[in-house]
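Working notes for the structure below.
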Amino acid sequence: MMRRRTLVVVLSLAILLVAAVYLLTNWPFSSVTHNVAITGITVSSNQVQRGDLVNVTATLKNEGSVSENFNVSLYLNSSLLEMRPVVDLGSNNDGDVVFNWNTTTTAPANYVISAEATHLVGESNVTDNVLTDGVVS
């Protein structure tokens, strides 16, 4: 009789443990999403002369459910101009990263400006991590 009670208690505890694990992993409030996006690029001037200082602002949004740390890179055509860290951008918050482009050593040409946020671990939507702006000449 004692073995049967022990078996019932052990089985009941096992069922409760499985139910608790299921609830913890599937509870709607415990899901964490990671998703950052580049939502805009603003260039201080679309016509640049050698030696000009051009400000390029990348506008960001944390579309995930937790604060994030990540990097934003600015590209001229496919060449990296600069990478900047973003620290603790809160969930559903916007932010700006300003890059200073000194054109003193830049050859005269047309440049396509783009910004890219690094992919976060667990981020499923990475299509909005890159944005390309117009041409600066």
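The values are calculated or read from the model by the stated rules, or taken from the named source; none is laboratory data. Note that this is a predicted model, so its numbers are computed, not measured. All Cβ positions, even for glycine, are placed from backbone atoms using ideal geometry, and neighbour counts span all protein chains on display. The protein model used for the area step is the full one, side chains on, heavy atoms only, and it has no ligands, DNA or RNA in it. Shrake-Rupley method; radii C 1.70, N 1.55, O 1.52, S 1.80 Å.
Being part of a helix (DSSP H, G or I) and at pLDDT below 75 is the filter here; which residues of region 15-51 pass it? Lay out the reasoning, then the answer.
First pass over region 15-51, keeping only residues part of a helix (DSSP H, G or I): 15-26, 28-30.
Matches in region 15-51: Ala19, Ala20, Val21, Tyr22, Leu23, Leu24, Thr25, Asn26, Pro28, Phe29, Ser30.
Note on region 94-137: enclosed strands (runs of 3 or more DSSP E) holding 1 or more residues that are of a type in the set (Ser, Thr, Tyr) and modelled with pLDDT of 90 or more are 111-117, 130-136.
Any residue in region 42-50 that is among the aliphatic types (A, V, I, L, M) and surrounded by 12 or more Cβ atoms within 10 Å (Cβ to Cβ)? Among the residues of region 42-50, at least one is among the aliphatic types (A, V, I, L, M) and surrounded by 12 or more Cβ atoms within 10 Å (Cβ to Cβ), which makes the answer yes. For region 52-75, residues that are among the small types (Gly, Ala, Ser), open to solvent by 50 Å² or more (accessible area, probe 1.4 Å) and part of a strand (DSSP E or B) total 0.
Would you mind stating whether Ser78 is open to solvent by 50 Å² or more (accessible area, probe 1.4 Å) and out of contact with any strand residue (DSSP E or B) (no Cβ under 6 Å at 6 or more places or on another chain)? Please lay out each step first, then the result.
Details: open to solvent by 50 Å² or more (accessible area, probe 1.4 Å): yes; out of contact with any strand residue (DSSP E or B) (no Cβ under 6 Å at 6 or more places or on another chain): yes.
For Ser78, the condition - open to solvent by 50 Å² or more (accessible area, probe 1.4 Å) and out of contact with any strand residue (DSSP E or B) (no Cβ under 6 Å at 6 or more places or on another chain) - is met.
Scan region 104-137 residue by residue and report those that are polar (S, T, N, Q), out of contact with any Lys or Arg (no Cβ under 9 Å at 6 or more places or on another chain) and open to solvent by 30 Å² or more (accessible area, probe 1.4 Å).
Taking region 104-137 and keeping what is polar (S, T, N, Q), we get 104-106, 110, 114, 118, 124-125, 127, 129, 132, 137.
Restricting the remaining residues to those that are out of contact with any Lys or Arg (no Cβ under 9 Å at 6 or more places or on another chain) gives 110, 114, 118, 124-125, 127, 129, 132, 137.
Listed by number, the residues that qualify are Asn110, Thr118, Ser124, Asn125, Thr127, Thr132, Ser137.
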